1. Under a 1.4 angstrom probe, counting protein chains only, how are Arg30, Arg36, Arg12 ranked by accessible area, largest first?
2. Assuming 0.36 nm per residue, please report the length gained on full extension of the stretch Arg117 to Leu43 beyond their Cα-Cα distance.
3. Would you kindly find the accessible area of Ser63, with a 1.4 Å probe and non-protein molecules such as ligands, DNA and RNA excluded, rounding to the nearest 10 Å²?
4. May I ask you to give the percent of accessible area on the chain that is carbon plus sulfur, with a probe radius of 1.4 Å?
5. Please compute the length gained on full extension between Gln124 and Ser58, using 0.36 nm multiplied by the number of residues separating them and subtracting their Cα-Cα distance.
6. Given a cut-off of 21 Å, what percent of all Cα-Cα pairs of the chain lie beyond it?
7. Using +1 at the Cβ of each Lys and Arg and -1 at the Cβ of each Asp and Glu in the chain, identify which of Ser73, Val86, Gly9 lies farthest towards the dipole's positive end.
8. Which value in nm describes the separation of the simple spin-label points at Val34 and Thr65, placed 7 Å from the Cα toward the beta carbon?
Amino acid sequence: MSRLPRLMGRGRALEVLLGADDLPGDLCERYGYVNRALADSELDAFVDALARRIASFSKDALSQTKAFTDAASLPPDHEIAPQMTVCYASIERPETQRRIKQLLDWGLHKAGDVENRLGYYVGQLGEQLKK
């Protein structure tokens, strides 16, 4: 929750976090959630070329660049611990446990539609619980 607003801005981060829905790759790219959206047919060549290029640079220069980039863009560690505490407490709530159980019953953690479209099923679960 500390990192996402820094990547995409408050409004978009709230949309992603509170909406808990799947987003298409091109929208993720526009929001800054991912660096780049590529077609499957382009992915391997792009990653290979980028990895080879990065590997050709000085390890010290890469390390320093990463450290300065992290300092400028990542939240400080003290912001993360309270969020993890709240997350763990949320997971332990009876309502959350019911939701997790239903998702597992539908196929969470197994290859298939629930894993491929988790955001959709989270939405369906919310609708089901309203009834």
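The values are calculated or read from the model by the stated rules, or taken from the named source; none is laboratory data. Just so we're clear, the structure is a prediction, and the values are computed from it rather than from any experiment. Using ideal geometry, Cβ is built from the backbone for each residue, glycine included, and neighbour counts are taken over all protein chains shown. Each accessible area value is taken on the protein alone, full model and side chains, heavy atoms only, with ligands, DNA and RNA left out. Shrake-Rupley method; radii C 1.70, N 1.55, O 1.52, S 1.80 Å.
1. On the way: Arg30 150, Arg36 130, Arg12 100 Å².
From most accessible down to least: Arg30, Arg36, Arg12.
2. Working: separation 74, 0.36 × 74 = 26.64 nm, distance 2.12 nm.
Stretched out fully, the Arg117 to Leu43 stretch lengthens by 24.5 nm.
3. Near enough 70 Å² of accessible area.
4. Details: 5670 of 10210 Å².
That share works out to 56 percent.
5. Details: separation 66, 0.36 × 66 = 23.76 nm, distance 4.95 nm.
Extending this stretch completely gives an extra 18.8 nm.
6. Cα-Cα pairs in the chain separated by more than 21 Å: 62 percent.
7. Checked the options; the winner is Val86.
8. 2.2 nm
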